[in-house]
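A quick write-up on the structure given underneath.
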Amino acid sequence: MKPRTRPLHLLATVISLSFLGGAATTGCRAGKSRPAAKPGAVATPGEGASLEAIAQAHNLDPAEARAALEVYTPPGRYDEFTMFSSGGHSGSVYVVGIPSLRLLKEIPVFSPNTWQGWGQGADEGDKILREGSFSPNLPTQTWGDLHHPQLSLTKGDYDGQFLFASDKPTGRVAVIDLRDFHTKQIVKTPNTISDHALFVMENTEYVVTATFQPSPGGPGVYAPLETYKDRYRGAITFHKFDRAAGRIVLAQSFQIELPPYFQDLAIGGKGPSKDYIFTNSLNTELSTGGNLEGRPPFEIGASRNEMDYMHVINWRRAEALVLSGSPKLVEKGGIKVIPLEVARDEGLLHFVPESKSPHGCDVAPGGEYILTSGKLDPHVTAYSFAKIKKAIDEKNYEKLDPYGIPILNYDAVKEAYIEVGLGPLHTVFDDKGNGYTSLFLDSAVAKFTLGPPYHSAAEGWKLVDKIDINYNIGHLQTPGSNTVRPRGRYLVALNKWVVDRHPAMGPLHPQNTQLIDLSGDKMRLVNEAPSIGEPHNATIIETDRIAAWVTYPALTDPATMQTPAANATKQGDERIEKTADGVHVHMVVIRSQYKPDTIRVKQGDRVVIDITNAESARDATHGFGLHGYNVTASIDPGATQRIEFIASQPGAYPFYCTEFCSALHMEMAGWFMVEPR
Ligand code: RUQ
Ligand code: CUA
C-alpha cells in the first residue's frame, strides 16, 4: 500500500507507546487541571431557606446547582430514559434510569444470581447456562464479559421488546425478553472461540456477531499456531431471530468465513447502505505472539502495518446464496457456512484500508457514512458509502490481500479525516447531525459536525466542542444512537477507571458512568454514578417504550411464556405424586403459605417441584429457599417454575420464603423430609 501523509504521525507513535503501556492515563495528566474533589453538604439549612442558600450550604457553584435540578428525579417519579448497561465481568445487565443514574435492576445473564434464583443448580437459569455453555465437554461456563447490549429493532428503531447481549470471551449471545426482563436463551456461536461485536439488523431478522480471536473450527478443534494463516479463520455470524418464539434459531442461521484477522467492532448499514455490514479488523499482520519463542509480543506484532482493513460485506447477497441452497456452502456446527473462497468469488467481501488498530465502526443515522477510529491515530475517518459502492462497481482496487480479497482504493472511498484527539474509539450521534467520539487517552468526548446532508459542505466535518470526562472512557451512548432516529438530549460516558471520583474503598475502585447534557452548543457534565463491573456499553430507550409486564398472566411459565403452562398448579389441585423414580410435587404459593408445606421423600429420590405463585397483586413475589440442597427460586406473581434435583442425603430440611412478602413472612416455611434408605 502506498504511504500516505499522516498529520501528527509522530504524535501517533508517542500515543501508541503510552496506549500500549496501558497505565499512561490516570487522568492526573500534567499541565491539565481538573477540579479538585470538594465536600458535599456542609450544613443543611432549615425549612424556608432559599434555593441559593441551599446551594451555598452544599458548596455548589451555579452550574452544579443547575445540574442538580436538571437531573433530579423526585421520589415516586420515573426517569425519562432507561439505560441497559453492560456489567462487564459481572456477567449481568444493569438497568439504570436517566438522568438520575439510579440503579433500577440487575438482569442476570452469564453469571448465577442468588436473589433471582438464577443458575442455582436446579432451575431454568441453570439449564439455560448449561445449554449455552462454551463446550459440552468442559465445565458449564458461569462467568462472562457481558459486552454489547442491543435492543431489538423494528424499521430501524427500538421497539422495546427484546434485548440481546454478547459475551466476548466465549462468543455467546443471550436473548432477554423485556416483558419480564428475564434471560430466555444463551446460544454459543458455532465454530468460533470468541466474538466481539454484536448488533441487530433493521427488523431484528438476525442478531449478528463478529469474531475476535480467530479459530481453527470452534471449541475443541486443534490446529498448530504455525498453521494460523491457513487453518485459522474469523467469521461473521447471522443468528436468525424468531420474534414470535423469542428465540434464536440456529438451523436458519448462517456464517461467513473471514480471514484470520481479529474482526473487532461491526455494524449494519441503514438507508442506502442497508444491504451491507461493516466490520473493523486488527492484526492483519497475522501475528500470533510468542515472546518467549523468539517472536515479537502479540501487541507489537499486531501493530506493524500502517493500515488494517474495514470489511464491507454484502449480507443481502450472502443471505440469497444461503436461501438458494447453493452447493457451495458447507454445513458446520449446525449452521450453513459460506467458505472464505466462496465469499471472495461471489463478491461478498471487500476491504477498505483504515488506520491501524482501529476500534469503533459506526454508521451515520441516514446510512451515508461509515466512521472508524484508529486507536493510535488522533482522527476519525469517515467513508462515503456511495463512494464505496462506486469503487466496488468499478473494481477500483489498490491490491488484493493474501486471501485474494480486493482492497478498495483508500482515496476513492474516504470522505473526511477529522482530527478529534488522542485515542479515539467509538462514535455516537444526536438528532442535530453531530457525531461524538470517545477519546480514551485524552479522557474526553469530542463533538463534530457530520457532512451533507446533515450540514453543508462548508460546515461539515468540523470539530466543534470537547469535554473532559473522568477518566478512561470506552463506549459512549446517546438515546437511540444506532437507530435511524437518534434522540440526542443526553450522552452517557462509560468509563473504565474512576481514580479519585469516589472515596477510597480499597484498591479495587468502582467504575464510572457520567452523564453529559447535549441540549446546548457546549456539552455539560451533569451527573455521575459508580457502576458494578465495567459499564462496557449501553443502549438507551424512552422508559415508556419498554413493553414490560407488571405481573405475569395467571399460570405463566416464564421459560416458554406460555399460559396456562402445562406444569402450572391450580389452587385446589395441590398434591404430591409418587413417580417411578421419586416424587412430583404440585405446589401453590400464596401469602403466606406453601401448599403442600410438608414434603416427604426417600433418600435417592428424584424430586420435581412445580411451584405456582397464585398471586395477582403487583410485586407479590415469593421465594423457595432450600439451603443444604443449594436450591433457591424466585417465583413472581402469576409465574410457575420447576425445580428438579436428587435427594441424596437424608435429614430434616426446612424450606422458607426468600422474599419478605407479608406480616407472616417468617411463618411462610415448610419441611423437606428425606428418610434414609
Ligand atoms: S469494544 S471500549 Cu470491546 Cu465494545 Cu470498545
Ligand atoms: Cu412469601 Cu415471604
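Summary of computed values
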item	result
Failed criterion for Ile300 (all others in (1) in a loop (DSSP other than H, G, I, E, B); (2) open to solvent by 70 Å² or more (accessible area, probe 1.4 Å) hold)	(1)
Pairs, first over 19 Å from Ser481 (Cβ atoms) in region 437-462, second of a type outside the set (Val, Ile, Thr) and not in a loop (DSSP other than H, G, I, E, B), C-beta under 7 Å, six or more apart	Leu441/Ser18; Leu441/Phe19; Ser443/Asp468; Lys462/Phe448
Long-range neighbours under 7 Å by Cβ, at least six apart or interchain, first residue assigned to a loop (DSSP other than H, G, I, E, B) and of a type in the set (D, E, K, R) within region 610-623, second more than 12 Å from ligand 2 (Cβ to nearest atom) and modelled with pLDDT of 95 or more	Arg618/Val550; Arg618/Thr551
Scope region 455-498; condition out of contact with any Pro (no Cβ under 7 Å at 6 or more places or on another chain), hydroxyl-bearing (Ser, Thr, Tyr) and within 16 Å of ligand 1 (Cβ to nearest atom); matching residues	Tyr471, Ser481
Breaking point among (1) touching a strand residue (DSSP E or B) at 6+ places or on another chain (Cβ under 6 Å); (2) open to solvent by 70 Å² or more (accessible area, probe 1.4 Å); (3) within 16 Å of ligand 2 (Cβ to nearest atom), for Lys602	(3)
Filter pass, Thr632 being touching a Phe, Trp or Tyr at 6+ places or on another chain (Cβ under 8 Å), within 16 Å of ligand 2 (Cβ to nearest atom) and polar (S, T, N, Q)	yes
Residue in region 307-316 that is open to solvent by 20 Å² or more (accessible area, probe 1.4 Å) and more than 16 Å from Lys240 (Cα to Cα) present	no
Verdict on Pro486 being free of Cβ contacts under 8 Å to residues at least 40 places away in the same chain, open to solvent by 10 Å² or more (accessible area, probe 1.4 Å) and either assigned by TED's automatic domain parsing to the domain that holds Thr539 or closer than 25 Å to Ala266 by Cβ (or both)	no
Residues within region 83-98 that are open to solvent by 10 Å² or more (accessible area, probe 1.4 Å) and in a loop (DSSP other than H, G, I, E, B), tallied	2
Matching option when the condition is in the same structural domain as Gln477 (by TED's automatic domain parsing) and small (Gly, Ala, Ser), among Ala554, Ala559, Ala538, Ala565	Ala538
Residue in region 558-574 that is within 16 Å of ligand 1 (Cβ to nearest atom), among the small types (Gly, Ala, Ser) and at pLDDT 95 or above present	no
Filter result for Glu80 (open to solvent by 30 Å² or more (accessible area, probe 1.4 Å), among the acidic types (Asp, Glu) and in contact (Cβ under 8 Å) with a residue 60 or more places away in the chain)	yes
Matching entry among Glu415, Glu331 (being open to solvent by 10 Å² or more (accessible area, probe 1.4 Å), without any contact (Cβ under 8 Å) to a residue 60 or more places away in the chain, within 30 Å of Asn434 (Cα to Cα) and part of a strand (DSSP E or B))	Glu415
Residue check for Pro169: part of a loop (DSSP other than H, G, I, E, B) and within 16 Å of ligand 1 (Cβ to nearest atom)	yes
Condition met for Gly246 (among the small types (Gly, Ala, Ser), at pLDDT 95 or above and either in contact with a helix residue (DSSP H, G or I) (Cβ under 6 Å, 6 or more places away or on another chain) or assigned by TED's automatic domain parsing to the domain that holds Met201 (or both))	yes
Residues (in contact with a Ser or Thr (Cβ under 7 Å, 6 or more places away or on another chain), of a type in the set (Gly, Ala, Ser) and either away from ligand 1 (no atom under 16 Å from the Cβ) or farther than 24 Å from Gly269 by Cβ (or both)) located in region 196-237	Ser215, Gly218, Gly220, Ala235
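The values are calculated or read from the model by the stated rules, or taken from the named source; none is laboratory data. What you see is a predicted model, and the numbers here were worked out from it, not measured in a lab. Here the Cβ is made from the backbone with ideal geometry for all residues, glycine too, and neighbour counts use every protein chain on show. Side chains included, ligands, DNA and RNA excluded: accessible areas come from the protein's heavy atoms. Shrake-Rupley method; radii C 1.70, N 1.55, O 1.52, S 1.80 Å.
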